[in-house]
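Following: one structure in C-alpha cells, then a few remarks.
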Amino acid sequence: MCDPWFYGTAFDNGWKLISKTEFPLERFRDITHIFFSHEHPDHFSPPTLKKIDHNYRKNIVILYQKTIDQKIKNYCKNLGFKKFIELRSNHFYKIDDKLIINCTQYTYGDSYILFKTPDLKILNINDCVFDSIEKVRILENQFGKIDILFTQFGYANKIGRRNEPQKRLKESEEKLNRIKLQYEYLRPDYIIPFASFIYFCHQENYYMNDGMNKINTVHEFIQTNLQSKPIIMYPNDVWEIGCEFNSINSINKYEVDYLKIEKKKLIQSKKVGLQTLFINSKLFVNRLWKKNPQYRMISRLKNASIFLIDYGESFILNGYNGLSRKTIEYSSCDIALSSEALNFVFLFEWGAETLNVNARFEIPMNGNYYNFQFLGNLSALNNRGDRWYLSMGNAYNYIKSGIIQDIKIFVDFL
C-alpha cells in the first residue's frame with residue numbers, strides 16, 4: 001500500500017478528498033507493507049494510521065526514505081508497526097521473490113518509487129515535479145521504459161490571486177503537458193492519473209478550485225494525444241493488469257462527487273487572540289535562532305509585513321523580535337491571512353509549507369511575499385532536520401543590501 005490518507009482534512013483544514021474512501025479497516029489484516037513517499041499529510045496521514053488496529057499494525061512493515069530527522073521512523077515505531085525499513089536513495093530492495101523496489105529521494109523531501117517484478121515496471125512519481133526534458137531523462141536513464149505510470153494531474157499549491165483564474169487554468173494545462181512529456185520519454189503502456197482527487201475546502205481557499213483539472217479532461221487528453229491507455233480508478237476499483245477496464249464508469253462516479261462539492265459546507269476560521277499570536281511568534285523566531293546560528297547575523301534586518309484579515313489590522317513580523325503592530329496599507333503588505341492560518345505557521349516548523357499548499361492567504365498587489373516566505377522556508381528546512389549555513393561573505397552582502405530579493409537563492413538549500 002502507498003500513502004494511505006482515508007479520513008478528514010489535510011494541510012490545516014485546507015484540503016478534502018473528493019470521494020469517500022471505500023477501504024474497510026479490516027482489510028489492513030491483509031496488508032504486509034506500507035510505503036510513504038514523503039511527510040505531507042495527504043501522503044503520511046497520522047489519523048489514518050491511528051485507526052489501524054494494533055493487531056494489524058504489528059504485522060505491517062513500513063517503507064520510507066532515509067532522512068536526517070527520523071520523525072516518521074520514531075512515530076511509526078511508537079505506533080507499534082512490525083518493522084521500519086529506511087530506504088537508501090536509488091537502491092534496490094527485495095520485498096519477496098517476485099518484487100523489488102527502488103525509492104529515490106527528490107526535492108522538497110519527496111521521493112518516487114519503482115516497483116519491479118519479472119514482467120513489469122511500475123513507477124509512482126508521487127508529487128515529484130518532472131516538468132522538463134532534463135528531469136524526465138533522469139527517470140529514463142534510471143529505469144528505461146515503464147509499463148505503468150502513476151502521475152498526478154492537478155496543481156497542489158497557491159496559484160495566482162483570487163481574481164486571477166487564468167493563472168490556475170494555465171497551470172492545469174501545464175499539468176497535462178507534463179503528463180505528455182513523461183509519456184514521451186518513459187513510454188508507459190498505461191497511465192493511471194492519481195494523487196489529485198482533492199478539493200480546496202476552506203472559505204479562504206475555495207476559489208482555488210476554479211481552474212482544477214477534472215478527471216474526464218485528463219482521460220480525454222491522454223486518449224487523444226498519447227499512445228498510452230488511461231486507467232481511471234475510483235475508490236474500491238480493482239484492475240487486473242493487461243485486462244480491459246471501464247474507465248468511463250469510474251469517471252461517471254467522480255462526476256457525481258464533483259457536483260456534491262458545490263453543496264458542501266466550507267470550513268470557517270476561528271479567530272486567535274493577539275496575545276497568543278505575539279507569544280507564538282516569539283517562539284517561532286526563537287526556534288529559527290536556536291537551529292540556525294548564522295541566521296542571527298541577519299535576523300534583526302528581516303521583516304515581513306502582515307495584514308490579519310479577521311482583525312483588519314497590519315503587523316510586522318521581525319526575524320528577531322517576532323510580531324508587533326504597525327500601520328501599513330493593505331496593498332503594501334507582504335501577505336494577508338487569518339489569525340488562525342498565521343498561528344499555524346508559528347506553531348509548527350512545517351506551518352509555512354502547509355500554508356503555501358493550502359493557499360489560505362492572499363498576496364496584496366504591492367507587497368513582497370518572499371519577505372514572509374524566507375522565514376517560512378527556513379522553518380521548513382529545519383523541519384527536515386537541516387540547517388541554514390551562510391558564509392561570512394554572503395552575510396556581509398546580505399546585511400549590506402538588507403534583503404534577499406530572489407527566494408531561489410534560499411530554495412537551493414531545500
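None of the figures in this text is laboratory data; all of them are computed from the coordinates on show. For clarity, every value in this text was computed on a predicted model and none was experimentally measured. A quick note on method: Cβ atoms are made from the backbone with ideal geometry, for glycine too, and the neighbour counts reach across all protein chains shown.
Against the chain, whose longest principal axis is taken from its Cα atoms, helix 247-261 shows a tilt of about 30°.
At full extension, Ser331 and Arg88 could sit 82.8 nm farther apart than now, given 0.36 nm per residue minus the alpha carbon distance. Neighbour counts of C-beta atoms inside 10 Å place Tyr207, Tyr106 in the sequence Tyr207, Tyr106, starting with the fewest. Axis of helix 133-143 versus longest Cα principal axis of the chain: the two differ by about 40°, to the nearest ten degrees.
Listed from fewest to most Cβ neighbours within 10 Å, the set His38, His43 follows the order His43, His38.
For Asp3, what charge total do you get from the other residues with a beta carbon under 15 Å from its beta carbon, if Lys and Arg give +1 and Asp and Glu give -1?
-4
Summarising the strand pairing of the chain, around 55 percent of its internal DSSP beta bridges are antiparallel.
In terms of surrounding Cβ atoms within a 10 Å radius of their Cβ, His54, His202 rank from fewest to most as His54, His202. Since only Cys128, Phe372, Asn382 are under comparison, the one whose Cα sits farthest along the positive direction of the charge dipole of the chain, derived from C-beta charges on Lys, Arg, Asp and Glu, is Asn382.
Could you identify which residue out of Asn55, Asn177, Asn383 has the top mean-square fluctuation in a GNM of the chain using Cα springs shorter than 10 Å? With Cα springs under 10 Å in the chain, the top fluctuation among Asn55, Asn177, Asn383 is at Asn55. Here the relative contact order of the chain, from alpha carbon pairs under 8 Å that lie six or more residues apart, stands at 13 percent. The protection proxy used here, the mean number of other Cβ atoms lying within 10 Å of each residue, ranks peptides 359-370, 23-34 as follows, highest first: 359-370, 23-34. Compared with the dominant Cα axis of the chain, that is its longest principal axis, helix 274-291 is turned about 70°. Take every pair of alpha-carbon atoms less than 8 Å apart whose residues are at least six positions apart; their mean separation over the length of region 132-224 yields a relative contact order of 40 percent. Pairs from the list Lys158/Lys263; Lys16/Lys167; Lys16/Lys271; Lys135/Lys229; Lys83/Lys116; Lys77/Lys175 with a Cα-Cα gap above 26 Å: Lys77/Lys175. In this structure the amide hydrogen of Cys2, modeled in the peptide plane, comes within under 5 Å of the amide hydrogens of Phe35, none closer than 5 places in sequence on its chain.
Compared with the direct C-alpha span, the chain from Asp210 to Gln70 gains 46.6 nm at full extension, assuming 0.36 nm per residue. Sorted from longest to shortest, the spans of the Cα atoms of region 137-255 along the three principal axes equal 43, 33, 23 Å.
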